Amino acid sequence: MASLEEIRSTRLEKLNFLIEKGIDPYPASSNQDITCKKAIDQFDKLVKDEKSLHMVGRTIGIRAQGKIIFLDFNDGTSCFQALLKKGEPLSEESFELFEKAFDVGDFIEVKGTFFLTKKEEKTVLVEEIKMLSKSLRPLPEKWHGLSDIEERFRKRYLDLLSNPEVKERFVTRAKIVRLIRQFYIDADYIEVDLPNLQPLAGGATALPFRTHHNALDMDFYLPIAQELYLKELLVGGMNKVFEMGKRFRNEGIDAMHNPEFTMLESNESYADATSQRQFVEKLFKFVVKGVFGKLQFEYQGHTIDLEPDFKVMPYPEITDEVYKKEIRPTLIQPTFLIDYPVSFNPFAKRKEDDQTLIDRFQLVMGGVELVNAFAELNNPVDQRDRYLEEDAKGKKGEKEISPSDMEYLEAMEYGMPPNGGIGIGIDRLVMLLTDVKNIKEVILFPTLKPKS
């Protein structure tokens, strides 16, 4: 078997051969009259019309049989078969050029008419063929396969080519994001753009990433959360706002955590935790129905059913470590956890009937925490006291705090309406709905340690 370098060397020779023939192996323009999927769907009509049409795609298989060559190509919508016949109707020169210079992996353009083979295979009979992009390396399934997990994440483009289910997973991710955005917009929320360079890393208790701006000669932080900016917009009269974007937390990497992740955050004036729970339940049912066509789906061997009302239970009076190890994995069906101690969040409003608790909830499903939400603190005096507590923790060496933000406090003092805030981990939701256990499987280019 030829080595990778030998294969690459041979393909470079073919590239030069094309150039010597006056053929551009990477032309700027191409023609596509119909996609592979539409050709499959409209095949009977195409045969009847007897029209020559242009199709494009990556060659994924070549089977030579003397004076005929069958090839399979994929344009991203589906696969289709082409037949090259030497001299009829493809010219002998074009046929021989294909034999000498074309390989699996090349992008091509073909022109021809459609017919059904004796084996009833939908096929285009090629009249003309054109190189669109000459590949210099073999596709992984023709080389040594791409099954190594770390290599899959490092070379996601090959992962997508080798494993169709991976591409389908990211198509599903795009659909989930689209459904969430649709639900929010239909509920009269305004989507906003918020800064990714922030003078303070606030809105959550996490260690941030720091960067430096040369012209201003000052440090900025990448966002660990965007809720403070969203709540400032409520002060300005924008009553329903959301942002879906990247967050950055300088934390460990494991099956549930990536330093760069996608999150939706929203705030609604005059809402509280109870009304936001109702909103979240409707949202999740809408998304699941949109993805699966029903309210049930499979995750890690469990059937999760969103048809009944979501369960509601108080947060158990145990340490967070014990909860994560003993309780959370058992919460398979949709469950709202409520009634958290004040120490759990510096921005949540205290419960009116118990000042030691905050009006907060989390949604757990499949043993995975998906949503964190609460009635937002809008009392600037209480907020200032909470900030002082956070600053005191920082002075004692605690790194994951939310430091005092005087600009945010000033905005609060102008008057902030009562409001509810929601945070949804998009990556974790995609994990759940695509039945995978590692967050890297749902992030196209996850953060990885460099190869040594």
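Coordinate-derived values only; no laboratory data. Source: prediction; values computed, not measured. When we count neighbours, we look across all protein chains shown, and the Cβ atoms used for this are built from the backbone with ideal geometry, even at glycine.
What the table below lists for this structure:
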item	result
Whole-number percent relative contact order across the chain, with pairs defined as alpha carbons under 8 Å at least 6 apart	13
Shape category assigned to region 350-452 from the gyration tensor of Cα positions, a/c cut at 1.5	prolate
Of Val291, Val312, Pro329, farthest towards positive along the dipole that unit charges on Lys, Arg, Asp, Glu beta carbons give region 247-334	Val291
Cα centre as origin, Lys/Arg/Asp/Glu Cβ charges: the chain dipole, Debye	1560
Region 212-350: mean projected area of Cα convex hull, nm²	11.8
For the chain, calculated [θ]222 nm from helices alone, where every DSSP H run of n ≥ 4 adds -39500 (n - 2.57)	-9500 deg cm²/dmol
Region 178-202 and region 78-121: distance between their alpha carbon centers, rounded to Å	49
Sequence ranges 16-29, 217-230, ranked by mean other-Cβ count within 10 angstrom, highest first	217-230, 16-29
Largest to smallest principal axis extent of the C-alpha atoms in the chain, angstrom	87, 53, 43
Long-range amide H partners of Ile224 with built H, under 5 Å	Gly202, Phe248
Estimated vicinal HN-Hα couplings, Hz - region 278-286 in sequence order (Karplus 6.51, -1.76, 1.60; Gly, Pro = x)	5, 5, 4, 4, 5, 4, 5, 5, 5
Spatially proximal lysines relative to Lys285 (Cα-Cα < 19 Å; intrachain offsets below 8 disregarded)	Lys175, Lys294, Lys311
Cross-link partners of Lys100 among lysines (Cα-Cα below 22 Å; sequence separation of 8 or more within a chain)	Lys14, Lys21, Lys67, Lys85, Lys86, Lys111, Lys130, Lys134, Lys142
Euclidean distance of C-alpha centroids, region 1-66 and region 313-391, integer Å	57
16 Å Cα-Cα reach of Lys324 towards aspartates and glutamates, excluding residues that sit fewer than 8 places from it in its own chain	Asp254, Glu369
Net +/- balance of residues flanking Ile149 in space, Cβ distance below 13 Å, scoring K and R +1, D and E -1	+1
